[in-house]
Amino acid sequence: MKRLALLFLLLLLVAAAAAPYWIGVRAEAEYRTYIERLNSEALIDARVLSFERGWLESQARVALRRSGSPGELQLHDTLRHGPVAVDRWLAGDPDYSVYLARVESRATLGPTGAQLTANTQISLSGDASSRIRMQPLDLDQDGTRLRMAELGGQLAIPAHGRSTQLRLQTDHIELDEKQTDRQIRIRKPSLLLRGDPGNPETGALRFEAEQLQLVEGGRQPLRISGLQFGAESSETEGRLTTVLSLEMTELQAEGGETVGPGKLGLELRDLDAAATRALRDAGGGADLAVLFSELERLLRHSPRVLVSLFLNTPHGETKGEVEVSLDTADPAVLANPLLALTALRATGTLRLPEPALRMAMTEHLSSELRQLENRGELPAMTPQQRQRALNAAMDVRMAEWMRDYRLRRDGENLVAEAVFAAGKLTINGEPVELGKLSPFN
């Protein structure tokens, strides 16, 4: 019985000693899968430069770069093999977690010397989660200085085909242009990226900032609060849909009124997914015949573009919607530009307060008056005379708009309902010449 117990204990010891190496073999496979997921989901270009597997730990070097960027960042990774934290137990720091491997990554960012570190845990199921940290950044180059507070982040790469997510945040970013005495300040920015397995055309991006300020020579020409930008692409039955949005809670321009909240949205629907991938892969190396062929394929599902606008002003709400569609059910439409024009249809509505439009046009007309004065086409004016001239010019311009764009008044609002079909444009039921669409005519 004692011999049997000793044999069993010996087998346990052998298994315990061999487990880290066997785990290391699995850890290397999962680690390489982890890097491949970063590539396939278009988060970043990554490749393994070297991998040296040991008994309790392994060493690896990985090159990271942004798509299209010539420079790269090299990470030095140490993989601590599981299933338990042997190194922590030996150091007197018991760790009861069970995992495939822990990865400690470090890198130095070029001339800044800032240290980038990441601690990743790969679970027994293959899920990987990382905590990222980068020291404060201070880079002064070619007359431009970039300063950023400590950067923190999380990266999650689940197994079994679920979406990868990267989240980064910092307290502030400041960009100074010394020659122009211009400074951009971004307070509490954050970035979220989501990549979908096996499809670099789909995923999501979201950028948020508590406040963005533009400062010039002590002045503050622009301040935006509650800034949000989002982009998301999805694929259904071989058709791509991309949704873009830009939002803010408040915008203050120098000399202007404070407006907000506001939102601008753009949707691209029913683009051919296979053609999108082919055009991306071809880049600038394809000949015109191939490009035109893929372009026809890209538009074959009768794509649509939708634009929406909302802006709250002290004078009321501005709202607008536009939908543009191209009916390509007839294959001849894509082969003949004239037929394509007849297959193009657009509808749109716009409702905005007239006082808000007058306020927006004030700076443009003031600039016109100053130019006329500088050229001697108008005599020098006192501030009161210039204001009267500005009011008169505004009345003339508004009358031209009402006439040329067939606008109608609804209380204090201006309303336009437009339709473009068969190559012709109507606004509020009346025809309008396409050449008169510039608001500054």
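Would you pick out the residues in segment 355-379 that are of a type in the set (Gly, Ala, Ser), modelled with pLDDT under 80 and within 21 Å of Pro314 (Cα to Cα)?
Across segment 355-379, the qualifying residue is only Ala360.
Within the group Thr328, Thr347, Thr362, which residue is out of contact with any helix residue (DSSP H, G or I) (no Cβ under 9 Å at 6 or more places or on another chain) and outside the structural domain of Gly260 (by TED's automatic domain parsing)?
Thr347
Checking Thr241 against (1) more than 26 Å from Leu309 (Cα to Cα); (2) buried (at least 16 other Cβ atoms within 10 Å of the Cβ): exactly one of these is not met. Which one?
(1)
In the set Gly226, Gly152, which member is assigned to a strand (DSSP E or B) and at positive phi?
Just a single option satisfies the conditions, and that option is Gly226.
Quick test for you: out of Gln115, Gln213, Gln183, pick the one residue that is in a strand (DSSP E or B) and in the same structural domain as Glu28 (by TED's automatic domain parsing).
Just a single option satisfies the conditions, and that option is Gln115.
Count, please, the residues in segment 361-410 that happen to be among the aliphatic types (A, V, I, L, M), more than 40 Å from the chain's Cα centre (by Cα) and under 26 Å from Arg351 (Cα atoms).
Qualifying residue count for the region: 5.
Would you mind stating whether Leu326 is surrounded by fewer than 17 Cβ atoms within 10 Å (Cβ to Cβ), at negative phi and within 29 Å of the chain's Cα centre (by Cα)?
Against the criterion (surrounded by fewer than 17 Cβ atoms within 10 Å (Cβ to Cβ), at negative phi and within 29 Å of the chain's Cα centre (by Cα)), Leu326 does not qualify.
In this structure, does Asp181 turn out to be within 30 Å of Arg219 (Cα to Cα), out of contact with any helix residue (DSSP H, G or I) (no Cβ under 8 Å at 6 or more places or on another chain) and without any contact (Cβ under 8 Å) to a residue 24 or more places away in the chain?
No.
Evaluate the following for Gly256: is it in a loop (DSSP other than H, G, I, E, B) and either on the phi < 0 side of the Ramachandran plot or assigned by TED's automatic domain parsing to the domain that holds Asp270 (or both)? Before the answer, list the steps.
Numbers: in a loop (DSSP other than H, G, I, E, B): yes; either on the phi < 0 side of the Ramachandran plot or assigned by TED's automatic domain parsing to the domain that holds Asp270 (or both): yes.
Yes.
The values are calculated or read from the model by the stated rules, or taken from the named source; none is laboratory data. Since the model is a prediction, treat every value here as computed from it, not as a measurement. As a convention, Cβ positions derive from the backbone with ideal geometry for all residues, glycine included, and neighbour counts pool all protein chains shown.
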